[in-house]
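Structure first, then comments.
The values are calculated or read from the model by the stated rules, or taken from the named source; none is laboratory data. Not measured: the values here are computed from a predicted model. Glycine also receives a Cβ, built like all others from the backbone with ideal geometry; neighbour counts cover every protein chain displayed.
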Amino acid sequence: TAGKVINCKAAVCWGAGEPLKIEDVEVAPPQAHEVRIKILYTGICHTDEYTRSGSDPEGAFPIILGHEGGGIVESVGEGVENVKPGDHVIPLYTAECKKCKFCTSGKTNLCSSVRATQGQGLMPDKTSRFSINGQKILHFMGTSTFSQYTVVADVSVVAVNPAADLSKVCLLGCGITTGWGAVTKQPGIKESNTAVFGCGCVGLSAINALSETGAKRIIAVDTNPDKKEWATKFGATDFVNPKELPEGTRIQDHLVEITDGGLDFTFDATGNVHVMRAALEACHKGWGVSTIIGVAAAGQEISTRPFQLVTGRVWRGTAFGGVKGRTELPGIVENYMKGTVKIDEYITHQFKFEDIMKGFDAMHSGECIRAIVDM
Ligand code: NAD
Ligand code: AHE
Ligand code: ZN
């Protein structure tokens with residue numbers, strides 16, 4: 001198949017708010033510094049729904065979504081040195097070129113090598129490898145894992161231990177790694193008082209990392225009462241449902257009240273800007289740090305009284321948990337195999353590819369942590 005167009009199935013979103021449709025697509029061969037991957041499994045992250053629904057200001061259509069995948073390299077373009085056909089790989093929506101100002105800064109996992117074209121749904125040469133009867137279909141987050149074959153930039157893929165089960169480790173492509181990194185890259189967690197807003201995959205992974213890093217108190221906050229059991233299972237010491245507070249009591253005031261002045265660290269894993277504000281204002285005066293992980297819809301903005309920051313609270317954020325994919329993901333896969341990183345515990349649903357929309361329905365129902373789609 002190398003060097004030839006591959007015909008396969010992909011779930012295409014034709015327009016904002018439309019359901020995905022399984023279509024026959026043509027996937028062109030990888031060009032220089034590109035890699036074509038046979039995707040075997042993919043998870044569904046809330047960010048896929050965010051773009052499908054039309055909330056993403058960068059969202060453009062028609063597009064092949066998906067960014068939590070695992071697969072096997074089918075062929076590589078000229079000049080590709082980091083992976084070869086047959087390698088088991090995880091596509092990376094946060095590329096790592098190891099050369100740009102960002103990669104060499106030692107300060108961030110963001111990489112500038114392909115981000116501009118990635119945001120336009122294109123490969124670095126500003127064209128797409130996907131088409132249907134000659135009509136161009138866009139890439140998503142540089143990964144497009146909702147296709148049986150996808151093409152990614154070589155800086156956007158990492159090989160992992162082939163003994164690892166791709167139907168599990170595909171989830172390290174986003175949610176689990178994001179929550180884990182958001183916590184473990186933050187100094188000072190041991191013995192601290194913490195709160196996590198939102199107990200989906202990302203929030204639960206943050207809760208689990210807080211527990212394993214030795215946080216003293218881990219307050220899980222979610223409006224879905226069923227999440228109490230989940231949060232407790234992943235290590236939360238407390239659970240608060242903001243809807244169950246007395247009328248007129250704000251969640252941030254309640255948290256400050258029950259923690260003798262507020263939390264040392266809080267995390268937003270909801271994407272709701274009002275929750276982000278509450279998470280910041282639930283921080284302890286003088287030193288509390290609030291990390292935004294959730295992704296907010298186009299046009300949404302965060303606000304608080306500047307006094308909150310003047311008096312020592314810090315507002316920060318993180319993408320992919322601050323994890324450098326090519327450098328760090330193989331080690332996280334090893335840790336999963338050793339049993340020190342949980343993955344299986346997040347999987348609540350499995351779907352055949354033709355039923356991928358059922359995975360989105362399960363997410364909306366509130367009963368799904370992660371669904372695995374068998375491609
Ligand atoms: P999810 O939908 O599975 O979980 C969200 C949780 O938030 C749910 O349990 C829901 O009940 C809860 N929630 C909703 N409104 C709430 C409120 N007002 N107060 C408290 N809890 C509330 O989503 P997920 O896949 O875990 O992703 C979480 C967020 O993180 C999304 O916004 C997603 O787009 C974002 N995300 C960001 C990154 C990143 O790199 N920064 C990576 C992955 C996901
Ligand atoms: N396109 C959106 C940005 C969405 C966003 O912030 N994405 C996160 C990853 S979410 C994964 O589930 C991210 O990595 N951001 C850094 C980046 O470079 O996109 C918008 O608002 O325009
Ligand atoms: Zn994601």
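Just a yes or no: is a residue in the range 99-110 in contact (Cβ under 8 Å) with a residue 40 or more places away in the chain and away from ligand 2 (no atom under 15 Å from the Cβ)?
No; the residues of the range 99-110 include none that is in contact (Cβ under 8 Å) with a residue 40 or more places away in the chain and away from ligand 2 (no atom under 15 Å from the Cβ).
Among the residues of the range 143-177, count how many are of a type in the set (D, E, K, R) and assigned to a loop (DSSP other than H, G, I, E, B).
1
Could you say whether any residue in the range 273-286 is closer than 23 Å to His46 by Cβ, among the acidic types (Asp, Glu) and touching a residue at least 24 places away in the same chain (Cβ under 8 Å)?
Looking through the range 273-286, none of the residues is closer than 23 Å to His46 by Cβ, among the acidic types (Asp, Glu) and touching a residue at least 24 places away in the same chain (Cβ under 8 Å).
For residues that are within 14 Å of ligand 1 (Cβ to nearest atom) and of a type in the set (S, T, N, Q), scanning just the range 30-49, find the one that is farthest from Gly17 (Cα to Cα).
Among those that are within 14 Å of ligand 1 (Cβ to nearest atom) and of a type in the set (S, T, N, Q), it is Thr42.
How do the pairs read when you match residues in the range 114-134 that are assigned to a strand (DSSP E or B) and modelled with pLDDT of 95 or more with residues anywhere that are surrounded by 20 or more Cβ atoms within 10 Å (Cβ to Cβ) and small (Gly, Ala, Ser), using Cβ under 8 Å and keeping only pairs 6 or more apart or on different chains?
Listed pairs, sorted by first residue: Phe130/Ala10; Phe130/Ser144; Phe130/Ser147.
Across the range 239-272, which residue is surrounded by the fewest Cβ atoms within 10 Å (Cβ to Cβ) among those that are more than 20 Å from Gly312 (Cβ to Cβ) and within 16 Å of ligand 2 (Cβ to nearest atom)?
Residue satisfying both the conditions and the ranking: Asn272.
What do you reckon, is Met357 away from ligand 2 (no atom under 16 Å from the Cβ), in contact with a strand residue (DSSP E or B) (Cβ under 6 Å, 6 or more places away or on another chain) and modelled with pLDDT of 95 or more?
no
Mind listing whichever residues of the range 303-319 are within 15 Å of ligand 1 (Cβ to nearest atom) and out of contact with any Leu (no Cβ under 8 Å at 6 or more places or on another chain)?
Arg316, Gly317, Thr318
Name the residues in the range 50-69 that are touching a Phe, Trp or Tyr at 6+ places or on another chain (Cβ under 6 Å) and within 14 Å of ligand 3 (Cβ to nearest atom), would you?
Within the range 50-69, Asp56, Leu65, Gly66, His67 meet the criteria.
Within the range 185-200, take every residue that is on the phi < 0 side of the Ramachandran plot and more than 11 Å from ligand 1 (Cβ to nearest atom) and give me the one that is surrounded by the fewest Cβ atoms within 10 Å (Cβ to Cβ).
Pro187
Name every residue in the range 241-281 that is under 14 Å from Asp222 (Cβ atoms), out of contact with any Gly (no Cβ under 6 Å at 6 or more places or on another chain) and among the aliphatic types (A, V, I, L, M), in order of residue number.
Leu245, Ile251, Leu255, Val275, Ala278, Ala279
Tell me which residues, restricted to the range 114-135, are within 20 Å of the chain's Cα centre (by Cα) and crowded, with 20+ Cβ neighbours inside 10 Å.
Correct list: Val114, Gln118, Gly121.
Can you pull out every residue in the range 277-297 that is part of a helix (DSSP H, G or I) and either within 13 Å of ligand 2 (Cβ to nearest atom) or basic (Lys, Arg) (or both)?
Arg277
Is it true that Ser167 is closer than 30 Å to Gly119 by Cβ, more than 9 Å from ligand 1 (Cβ to nearest atom) and among the hydroxyl-bearing types (Ser, Thr, Tyr)?
Yes: the conditions hold for Ser167.
Taking the stated definitions as given, is Leu110 surrounded by fewer than 23 Cβ atoms within 10 Å (Cβ to Cβ), in contact with a Phe, Trp or Tyr (Cβ under 7 Å, 6 or more places away or on another chain) and within 30 Å of Trp14 (Cα to Cα)?
Yes; evaluated as a whole, the condition is true for this residue.
Restricting to the range 50-77, count the residues that are within 12 Å of ligand 1 (Cβ to nearest atom) and closer than 14 Å to Ser144 by Cβ.
4
I need a count of the residues in the range 340-375 that are within 18 Å of the chain's Cα centre (by Cα) and among the hydroxyl-bearing types (Ser, Thr, Tyr).
Selection size over the range 340-375: 2.
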